[in-house]
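Enquirer: Take a look at the following structure, please.
The values are calculated or read from the model by the stated rules, or taken from the named source; none is laboratory data. These figures come from a predicted structure and were not determined experimentally. Cβ: placed from backbone, ideal geometry, glycine included. Neighbour counts: every protein chain shown. SASA here: full protein model, heavy atoms, side chains in, ligands and nucleic acids out. Shrake-Rupley method; radii C 1.70, N 1.55, O 1.52, S 1.80 Å.
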Amino acid sequence: MRIIHTPEFEAQVKQLQKTYRQIDNDIALMSVLVQGPRPQDRRLQNMGGMEVYKARLPNTSARVGSRGGFRVIYRVKEGTIILLLLIWAKSRTVDIPDNEIRRVASQY
């Protein structure tokens, strides 16, 4: 599998880097996705048949662990490509509406 960062994901990472200096190291943990979706990641419902997951990542800059860390939305496409779609800090934004996730996921 190949992991691809979408432009939205890259822009969000750039914004988060201003506050969370270690975010690049935290995102590197997503490299395990080359083996497929992680068992702890939750598959989102109501995504129009797309295989979209929500993952937790620790925020080592804030030392809050996975529960209070980052959230990443990713899509598995054609069983061979993983698209990292969105990322946000749980401490700043609790959740992103399903319609926003569907909109971004359907672009790719």
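Enquirer: Scan I96, I87 and give me the residue that is open to solvent by less than 50 Å² (accessible area, probe 1.4 Å), in a loop (DSSP other than H, G, I, E, B) and among the β-branched types (V, I, T).
Expert: Details: I87 fails: in a loop (DSSP other than H, G, I, E, B).
The match here is I96.
Enquirer: Additional query: For segment 14-46, name all the residues that are closer than 15 Å to F70 by Cα, in contact (Cβ under 8 Å) with a residue 12 or more places away in the chain and touching a helix residue (DSSP H, G or I) at 6+ places or on another chain (Cβ under 8 Å).
Expert: Selection gives L16, Y20, I23, I27.
Residue-by-condition table, conditions (1) surrounded by fewer than 16 Cβ atoms within 10 Å (Cβ to Cβ); (2) outside any loop (DSSP other than H, G, I, E, B):
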site	(1), (2)
M30	no, yes
L33	no, yes
Q40	yes, no
A55	no, yes
S61	no, no
R67	yes, no
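Enquirer: Please give the number of the condition A11 fails out of (1) assigned to a helix (DSSP H, G or I); (2) open to solvent by 50 Å² or more (accessible area, probe 1.4 Å); (3) within 15 Å of V104 (Cα to Cα); (4) touching a residue at least 40 places away in the same chain (Cβ under 8 Å).
Expert: Going through the list (1) assigned to a helix (DSSP H, G or I); (2) open to solvent by 50 Å² or more (accessible area, probe 1.4 Å); (3) within 15 Å of V104 (Cα to Cα); (4) touching a residue at least 40 places away in the same chain (Cβ under 8 Å), A11 breaks only (4).
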